[in-house]
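Peer 1: Let me begin by handing over the structure; questions about it come next.
The values are calculated or read from the model by the stated rules, or taken from the named source; none is laboratory data. Only a predicted model underlies this, so the values are computations on that prediction, with no experimental measurement involved. So basically every Cβ, Gly included, is an ideal-geometry build from the backbone, and we count neighbours across all protein chains shown. Quick note on the areas: whole protein, heavy atoms, side chains included, nothing else; ligands and nucleic acids left out. Shrake-Rupley method; radii C 1.70, N 1.55, O 1.52, S 1.80 Å.
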Amino acid sequence: MFNRLTPFESSLFDEFQRLEREMDDLFGRWPWPIGIRSATRGSFPPVNVGATSDEVDVYLFTPGVDPKTLDISIQQNVLSVSGERKLPKKEDANYYRQERFDGEFRRAIMLPEDVDADRVEARCENGILHIRVQRREAAKPRQIEVK
Amino acid sequence: MAETQDVATRQSADVQKPERQVVLNPPVDICEDAEGITLVADMPGVSRDRLNIEVDKNSLLIEGDAHFDMPEGIQALYADIRSTRYRRSFSLSPELEPNNIDATLKDGVLTLKIPKRAELRPRKIEVRVD
């Protein structure tokens, strides 16, 4: 299913990711430029982005977040999502593990240049926020007829 | 000699299994109070019918398949999440009552309440003054 969305899960790509992670761990930085708006690995919420010739699909994994409290905006081709996940804390309990993200978050996602910022829709299901941005007509591949 | 070779080939065949399904480890919060243990796991994309919880005396397994709408012919541009399969298991301890686990799933968050055996819950001891 989602394997379809990760076609470049080739060994080379995996290897590259592993290398990047190791470099991150070793030196705390990557010698090559990183995206100016990119987030640290493991940031909340995780994001997947996919595209067809008609639209760009952004999936934000925001379990337990009320979608009405999310602030979603798009400026040219940068999509920003911010919000807060406040986890209820049990006062009289001992915590053994706290791995889930708690607090405010913001993520900016660079979309392809040709997205149409006026045609965006977002829906949330089972804790996944799915944002669909249509692409401009000109960007779609056109069939060229031979006369 | 021949036997050694056999073992060696079998091992490498196992290692190179083509179906290498990546499994996601859902992040969890675990806390304990007088009533029992509460486990909360983030499993976005999982609905009730794609969630599986298995419990026996000593262990608890949670697994689920995430599902989300994808248009035909989609190509990945970027992916933090590279699988749709969640799985994580925990060992339980004998004072817990695995048959009475209360599970709720809401907006991709699974909450499990695992009670302690009634006889093992901490009791307040009253001091009588005669």
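Peer 1: On the full set of protein chains, 1.4 Å probe, figure out the accessible area of B:GLU32 and give it in Å² to the nearest 10.
Peer 2: Approximately 40 Å² of B:GLU32 is accessible to the 1.4 Å probe.
Peer 1: Moving on. What is the mean number of Cβ atoms from other protein chains located within 10 Å of the Cβ atom of each residue in peptide B:105-114, rounded to a whole number?
Peer 2: 4
Peer 1: In addition: Sorted by accessible area with a 1.4 angstrom probe, largest first, how do B:ASP107, B:ASP49 fall?
Peer 2: Putting B:ASP107, B:ASP49 in descending order of accessible area: B:ASP49, B:ASP107.
Peer 1: Less than 29 Å apart at the alpha-carbon level, and either on another chain or at least 8 residues along: which lysines does that give for B:LYS57?
Peer 2: The qualifying lysines are A:LYS89, A:LYS90, B:LYS106, B:LYS113, B:LYS116, B:LYS124.
Peer 1: As a test of reading the structure, rank B:ILE74, A:ILE144 by solvent-accessible area (1.4 Å probe, protein chains only), most first. Display every interim value, and only then the final one.
Peer 2: Numbers: B:ILE74 10, A:ILE144 145 Å².
Largest accessible area first, the list is A:ILE144, B:ILE74.
Peer 1: Using only the heavy atoms of the protein chains and a 1.4 Å probe, how would A:VAL81, B:VAL22 rank by accessible area, largest first?
Peer 2: Final ranking, largest accessible area leading: B:VAL22, A:VAL81.
Peer 1: I've got another one for you. So what's the net charge close to A:ALA93: Lys and Arg +1, Asp and Glu -1, counting the other residues with Cβ under 9 Å from its Cβ?
Peer 2: On the way: positive: A:LYS89, A:LYS90; negative: A:GLU91, A:ASP92, B:GLU32, B:ASP33.
For residues surrounding A:ALA93, the net value is -2.
Peer 1: Still on this structure, please answer the following. Just the number, please: carbon plus sulfur as a percent of the accessible area of the range A:76-147, 1.4 Å probe, no ligands or DNA/RNA counted. Numbers along the way, then the final one.
Peer 2: Details: 2210 of 5140 Å².
Of all accessible area on the range A:76-147, carbon and sulfur atoms account for 43 percent.
Peer 1: Toward the positive end of the charge dipole of the range B:35-107, about the Cα centre and with charges on Cβ (Lys, Arg +1; Asp, Glu -1), which of B:MET43, B:ILE74, B:LEU96 goes farthest?
Peer 2: Positive-most Cα among the choices belongs to B:ILE74.
Peer 1: Right, something else. With a bin width of 10 angstrom, please list the P(r) values of the range A:76-147 as percents of all Cα-Cα pairs, from the 0 bin to the one holding the largest distance.
Peer 2: Spelled out bin by bin, the range A:76-147 gives 14, 31, 23, 16, 10, 4, 2, 1 percent.
Peer 1: Let me ask you something else. Ignoring ligands, DNA and RNA, what percent of the accessible area of the range B:36-130 is carbon or sulfur (1.4 Å)?
Peer 2: Roughly 46 percent of what the probe reaches on the range B:36-130 is carbon or sulfur.
Peer 1: While we're looking at this one, here's another question. In Å², nearest 100, what accessible area do chains B and A bury in total when the solvent probe is 1.4 Å?
Peer 2: 4000
Peer 1: Taking 7 Å along the Cα-to-C-beta vector as the label spot, tell me the B:ALA118-A:SER53 distance in nanometres, rounded to one decimal.
Peer 2: Label at B:ALA118, label at A:SER53, 6.8 nm between them.
Peer 1: Could you report the accessible area of B:THR38 in Å², rounded to 10, computed with a 1.4 Å probe on the protein chains as they sit in the structure?
Peer 2: Roll a 1.4 Å probe over it and B:THR38 shows about 10 Å².
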